[in-house]
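Take a look at the structure below.
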Amino acid sequence: MQQIHRLFFVFCCIAAWHPALRAQSPRYQQAMEQRIAQIDNQQTPDAYRDLANAFERIADAEKTQWLPYYYAAYCRVMGGYMIGNGQMGGFADKTDPEADKASELLDKAEAISGANSETWCVRKMIATLRMSADPMNRFQTMGAQASEALDKARQLDPANPRVYLLEGQDKFFTPEQFGGSKAEAKALFEQCLQKAESFKPASVLHPVWGPSQARYFLGQIK
């Protein structure tokens, strides 16, 4: 019995120290929920940058949570996409700093949690952002990096709806002569929605984005 008590005491000490086992504070939970709810409502690159900075402040204060760094990186990429405004090329000087910052933030997230399907999805988005800023000169290198990142995201979690959204976007925007296909994109967006129905995030703070974007693109395909 004394041995059992000793083992229980050791376990409690480990749980109190280890980041993965520590309970999240109500203040952290509230701050994260508030800002996650704001992600889809941003209308400008500056707004996304401000939200990314807010997530980064939470991460720097907590130091043991990877999700704030993840969302900060995601917001940086989304803001970077808005800088291009749907165009291809000619804005690398504006979007590369956003991509660089997003990569730095993901490095911090992965230093805490390790690489996972969600961080690889954002790494795929970063590579796409870099490529779209200068497609003529970056297609081969950044295109390959984007594909590799998406493959890793799928390998780590084939049930992740975001994998199929991102692949569908590639098929949607790529000209047919280069492998694009609206029909294949439609099937991938539908697969994203199917995966989302059964996908169970680890907590209310974990990523669930994807379905609304998939529905938008399905509405664009005749």
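Structural remarks
- In the stretch 53-106, residue surrounded by the fewest Cβ atoms within 10 Å (Cβ to Cβ) [restricted to those that are of a type in the set (Asp, Glu) and farther than 29 Å from THR174 by Cβ]: ASP60
- Subset of the stretch 165-205 (residues that are of a type in the set (D, E, K, R) and under 30 Å from ARG35 (Cα atoms)): GLU167, ASP170, GLU190, LYS195, GLU197, LYS200
- The set of residues in the stretch 118-151 that are polar (S, T, N, Q) and more than 12 Å from the chain's Cα centre (by Cα) comprises THR128, SER132, ASN137, GLN140, THR141, GLN145, SER147.
- Any hit, the stretch 207-214, residues being outside any helix (DSSP H, G or I), surrounded by fewer than 17 Cβ atoms within 10 Å (Cβ to Cβ) and hydroxyl-bearing (Ser, Thr, Tyr): no
- Yes/no for PRO97 being over 23 Å from SER203 (Cα atoms), over 13 Å from the mean Cα position of the chain (by Cα) and free of Cβ contacts under 8 Å to residues at least 40 places away in the same chain: yes
- When residues in the stretch 193-205 are screened for being farther than 15 Å from PRO158 by Cα and surrounded by fewer than 14 Cβ atoms within 10 Å (Cβ to Cβ), 3 of them pass.
- Qualifying residue in the stretch 162-174 (condition: under 30 Å from ASP93 (Cβ atoms) and aliphatic (A, V, I, L, M)): yes
- Per-region count, the stretch 162-192, residues surrounded by fewer than 17 Cβ atoms within 10 Å (Cβ to Cβ) and either among the hydrophobic types (A, V, I, L, M, F, W, C) or under 18 Å from the mean Cα position of the chain (by Cα) (or both): 4
Every number in this text was worked out from the coordinates using simple rules, so none of it is lab data. Computed from a prediction, not measured in an experiment: that's the story for all the values here. Using ideal geometry, Cβ is built from the backbone for each residue, glycine included, and neighbour counts are taken over all protein chains shown.
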